[in-house]
Amino acid sequence: MLIHLDQVLRQPVSWQETVRVSVDDLGLDDVLEIGPVTWSGKVTRTEVSHADAARADGSRGEPGYYLRAHLEYEQTVACHRCLAPVKLPVAADVDLLLVRDAPQALDGEHELEEDDLGVVHVDGETFDTAPLLREQLQLGVPMKPLCRQDCRGLCPICGSDRNRGECDCKDDWTDPRWAVLADLKKD
Ligand SMILES: [Zn+2]
Ligand SMILES: [Zn+2]
């Protein structure tokens with residue numbers, strides 16, 4: 001969704017869309033599948049009073065824009081221990097202050113630039129919500145997801161799922177790499 005900030009000067013602009021995204025396109029290696037994303041939000045005009053939002057060169061700032069958005073989707077990830085697929089619902093809110101900067105020469109693709117305070121500097125008159133959504137989906141990837149808190153994982157020897165029962169592998173298992181070294185010493 002492309003937000004025209006000139007339009008926001010006159011009245012708030014909202015969007016509501018269902019976005020189909022591709023795990024591959026997003027480069028989300030740890031996600032198996034991602035469902036359609038419900039993505040909605042609103043941009044309203046606001047007076048920029050925050051000192052950090054003013055431009056560094058001291059020039060008079062343009063009006064600011066307040067963006068509030070919400071996204072919801074379901075993603076399927078692999079359990080960190082047993083690799084079973086786990087479905088996780090995700091919901092997140094986004095709050096940002098958009099500050100319009102003087103138009104600059106764009107060198108190719110320009111990334112979403114956001115500072116620590118949630119202030120995004122926008123080149124020109126339009127703000128594209130797509131990079132923002134992409135960033136949120138990347139933030140939504142869990143670090144070490146588990147199918148359940150007490151998941152017993154896979155047996156390191158035979159690879160069987162320990163959640164489904166015990167295997168016959170012995171506990172006094174030694175790393176095969178050490179076994180190779182031991183064999184070398186014998187020669
Ligand atoms: Zn598991
Ligand atoms: Zn085993």
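The values are calculated or read from the model by the stated rules, or taken from the named source; none is laboratory data. Here the structure is a predicted model, which means the values were calculated and not measured. FYI the Cβ positions are ideal-geometry reconstructions off the backbone, even for glycines, and counts take in every protein chain you see.
Each residue in segment 109-130 was checked for being buried (at least 16 other Cβ atoms within 10 Å of the Cβ) and modelled with pLDDT of 90 or more, and 2 of them qualify.
When L28 is tested against (1) modelled with pLDDT of 95 or more; (2) within 30 Å of S160 (Cα to Cα); (3) surrounded by 17 or more Cβ atoms within 10 Å (Cβ to Cβ), just one condition goes unmet, and that condition is (1).
Mind listing just one residue for me: the one in segment 127-162 that is more than 18 Å from the chain's Cα centre (by Cα) and small (G, A, S) and, of those, nearest to L88 (Cα to Cα)? Break it down into steps so the answer makes sense when it comes.
From segment 127-162, those more than 18 Å from the chain's Cα centre (by Cα) are 127, 146-162; that's our starting set.
With small (G, A, S) added as a condition, the list becomes 153, 159-160.
Working: G153: 19, G159: 25, S160: 24 Å.
Once the filter is applied, the top-ranked residue is G153.
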